[in-house]
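Written below as structure tokens is the structure these notes are about.
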Amino acid sequence: MVGLVGRPEVAAAEAEEGGQGRKGQQEIGERALQGGGGWALEPEDSSAARNVRDLSNMGSRGTGKWVWIGWATAPLLGVACAAGALQVIQPSLVRGASMRPTLEDGDRILVERITPAFGALVKNDIVVLAPPGLDQERYVKRIVALPGDLVELNAGEIRVDGETIAYSETDGERRERWCVPPDCCFVLGDSVSRSSDSRDFGPVPFSRVIGKVLGR
């Protein structure tokens, strides 16, 4: 089963210091403007005012740049998030009747990988696992016992720590018991008479539990 925009260069020309003074600077500026060569020498200005103007211009251009980058990268971020989600939650298809009536053959389920990875599985969780010795197979079963629990099969009756939890019509003559070892769980199919589970392959190491079923 399962499955940059850079800031334009600012041309700045300064009158040579010496005997020209403020009047000389203004005259040079006038000649430059009249000549039409494209250079315009601004009248003397405070450095603070120039800084404020420069920062204002840069900010307006920078905002457009980052907005453009945001729109351009949004689809890529969406694809990355979707790919990450698929690594955590995967859709799968149920094949077989061993989990009836909870899950039917052909049901589509969602399987999440976070819970097993953090060792947070509990009794009654429905999980997808790779059975011991069957690395390529994927089974969906219910956890019925955890480390330290005693599971007994006696003439079809299945008990966990002395409490009867199920009855298997096909195990009328079997008498077995399992003490679930550390880092393992014991799993059964809800339809125990039709299920191949821990009664056949023993307790399952948590490392072989692939995910927890979220629902259909």
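Taking the Cα atoms of the range 94-215, the ratio Rg/Rh between the radius of gyration and the Kirkwood radius comes to 0.94. Amide H contacts of Glu157 (H built 1.01 Å from N, in plane; Pro and chain starts excluded): Ser168 sit under 5 Å, all sequence-distant by 5 or more or on other chains.
Computed from the coordinates by the stated procedures, all read-outs in this text should not be read as laboratory data. Being a predicted model, the structure only gives us computed values, none of them experimental.
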